[in-house]
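Report on the structure given below.
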Amino acid sequence: MKLGRMNHVGVAVPDIDAAIVHYRETMGAAVVTRPFDLPEQGVRVCFVHTPGHGGSEGTQVELLAPLDDQSPVAGFMAKNPAGGQHHICYEVPDIAAARAEFEAMGKRILGPTRTGAHGTPIFFLHPKDMQGILTEIMETLREETH
Ligand SMILES: CC[C@@H](C(=O)O)C(=O)SCCNC(=O)CCNC(=O)[C@H](O)C(C)(C)COP(=O)(O)OP(=O)(O)OC[C@H]1O[C@@H](n2cnc3c(N)ncnc32)[C@H](O)[C@@H]1OP(=O)(O)O
Ligand SMILES: [Co+2]
């Protein structure tokens, strides 16, 4: 397994519109995408872009709000009502190969590989096997390849 680019940090928030105001006005974010629902992932989501260096793509902050009580973010929000850092997402060139490698290492994979907010395949690794960090692995978007 070779560590890829950090694509985004997932941040769970109780109110996505209030969070957008925070990132724009307090943090000076120039680009925040319009929020949209991803019912198959149980979340409402949008992205705060951070600038990259030397023409490279910056990392994003992924704002997440649970759509309902069944959302995978619902338990986290119950424990952290004000929200907080939820997961870190790294890119890989080949999702199937990455999944097989983590499986071979005995890491617990949370559910099937599915399509993430960037439109590419993703899967999640259990935080207890990943140094306490819920870890998302995402196949690199072709036009974002670095
Ligand atoms: C927007 C789409 C997509 C993208 O394209 O980027 C996304 O990012 S979707 C993001 C939301 N989806 C997911 O998180 C899917 C994977 N997550 C899960 O399957 C579950 O959330 C979970 C990780 C299994 C947690 O389930 P939950 O029922 O809330 O908690 P547990 O009680 O089972 O937790 C066990 C244990 O783990 C600790 N924990 C839980 N969440 C986190 C976290 N985010 N970071 C670190 N640790 C976490 C929890 O505290 C428990 O610990 P103990 O209390 O010590 O037992
Ligand atoms: Co994510």
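All told, A104 meets the bar of being modelled with pLDDT of 95 or more and over 22 Å from G42 (Cα atoms).
Scanning the stretch 8-42 for residues that are under 19 Å from G116 (Cα atoms) and in contact with a Gly (Cβ under 9 Å, 6 or more places away or on another chain) yields V11, A12, V13, L38, Q41. The set of residues in the stretch 124-146 that are closer than 22 Å to P39 by Cβ and near ligand 1 (Cβ under 9 Å from one of its atoms) comprises F124, L134, E136, M138. Scoring S56 on the criteria (1) under 19 Å from H8 (Cβ atoms); (2) touching a strand residue (DSSP E or B) at 6+ places or on another chain (Cβ under 9 Å); (3) touching a residue at least 12 places away in the same chain (Cβ under 8 Å); (4) away from ligand 2 (no atom under 11 Å from the Cβ) leaves a single failure, condition (2).
Any chance the stretch 81-93 includes a residue that's over 25 Å from M130 (Cβ atoms) and surrounded by fewer than 18 Cβ atoms within 10 Å (Cβ to Cβ)?
There is no residue in the stretch 81-93 that is over 25 Å from M130 (Cβ atoms) and surrounded by fewer than 18 Cβ atoms within 10 Å (Cβ to Cβ).
Figure legend. Inter-residue proximity from the stretch 111-134: first residues closer than 21 Å to F47 by Cβ, second residues acidic (D, E) and open to solvent by 50 Å² or more (accessible area, probe 1.4 Å), beta-carbon distance below 6 Å, spacing 6+ or different chains. No pairs are indicated.
Restricting the first member to the stretch 86-103 and to residues that are under 17 Å from T115 (Cα atoms), and the second to residues that are exposed (fewer than 12 other Cβ atoms within 10 Å of the Cβ), the beta-carbon pairs closer than 7 Å and six or more apart or on different chains are Y90/L3.
The values are calculated or read from the model by the stated rules, or taken from the named source; none is laboratory data. Please read all numbers here as calculations on a predicted model, not as lab measurements. Cβ atoms come from the backbone with ideal geometry, glycine included; neighbour counts cover every protein chain shown. For accessibility, only protein heavy atoms count, side chains too; no ligands or nucleic acids. Shrake-Rupley method; radii C 1.70, N 1.55, O 1.52, S 1.80 Å.
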